[in-house]
Each structure stands twice: as C-alpha cells, then as structure tokens.
1. When the range 17-31 is examined, which residues are found to be aromatic (F, W, Y) and over 30 Å from Y72 (Cβ atoms)?
2. Would you point out which residue out of L59, L14, L34 is part of a helix (DSSP H, G or I), touching a Leu at 6+ places or on another chain (Cβ under 8 Å) and closer than 25 Å to I74 by Cα?
3. Could you list, in sequence order, the residues of the range 1-20 that are under 23 Å from the mean Cα position of the chain (by Cα) and of a type in the set (S, T, Y)?
4. Among the listed residues I65, I69, I74, identify the single one that is under 12 Å from the mean Cα position of the chain (by Cα), within 30 Å of A4 (Cα to Cα) and touching a residue at least 24 places away in the same chain (Cβ under 8 Å).
5. Report yes if some residue within the range 2-9 is free of Cβ contacts under 8 Å to residues at least 60 places away in the same chain and not in a helix (DSSP H, G or I); otherwise report no.
6. Restricting the search to the range 19-51, which residues are under 30 Å from G70 (Cα atoms) and touching a Gly at 6+ places or on another chain (Cβ under 8 Å)?
7. Going through the range 25-62 one residue at a time, which ones are closer than 23 Å to A12 by Cα, touching a residue at least 24 places away in the same chain (Cβ under 8 Å) and of a type in the set (G, A, S)?
Amino acid sequence: MSEASALVLIAASLVIGLGALGTAIGFGLLGGRLLEGTARQPEMAPALQGKMFLMAGLLDAVPMIGVGIGMYMIFVLAA
C-alpha cells in the first residue's frame, strides 16, 4: 500500500466519522429542543413532532452522503 492510499483511507474514515458525530450532536439538540418546546406548550406537541421528524429525515442525509463519499474514496481513489 502506498503512502497516498493510506492518506486516502484516513481521509475517508474522517469523512464518515465526523459526519456521524455531527449528526449525533444534531439529533441530541433536536430532541432536546423538542422536549423543551413540548414542555412549554403541550398543545403544540403534534406540530412540533411533525417538524422534528422532517428535520430528522434531513439530518439523516448527512451521514449517508458521507458514507457514499467515503466509499468512493476507498474503492476508487485508494485502489
């Protein structure tokens, strides 16, 4: 394995790992804000929950894109 291939593998692992870490932090903040908003105004819970699920779906796209880019880096660039 050449030095360039090793650097590509490290870069791919950073892309996947940091994307997952950012998403985990985002989900934590999102859930906390949902609970806070529901505690302040319980009658808004269904509307807040719907918006939370929409944002959760958008947040889920980040690590999926990161995994796709990481796989490209591993199987195309490092080969």
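1. So the first thing to find is which residues in the range 17-31 are aromatic (F, W, Y), and the list is 27.
If the condition is that a residue be aromatic (F, W, Y) and over 30 Å from Y72 (Cβ atoms), then no residue fits.
2. Numbers: L14 fails: touching a Leu at 6+ places or on another chain (Cβ under 8 Å); L34 fails: closer than 25 Å to I74 by Cα.
Residue meeting the stated conditions: L59.
3. Hit for the range 1-20 is S13, nothing else.
4. Answer to the check: I65.
5. yes
6. G19, A20
7. G26, the sole residue that qualifies.
FYI, it's all coordinate maths here, none of it is from the lab. Every value quoted in this text rests on a predicted model; they were computed, and no experiment measured them. Cβ sites come from the backbone with ideal geometry, for glycine too, and all protein chains shown count toward neighbours.
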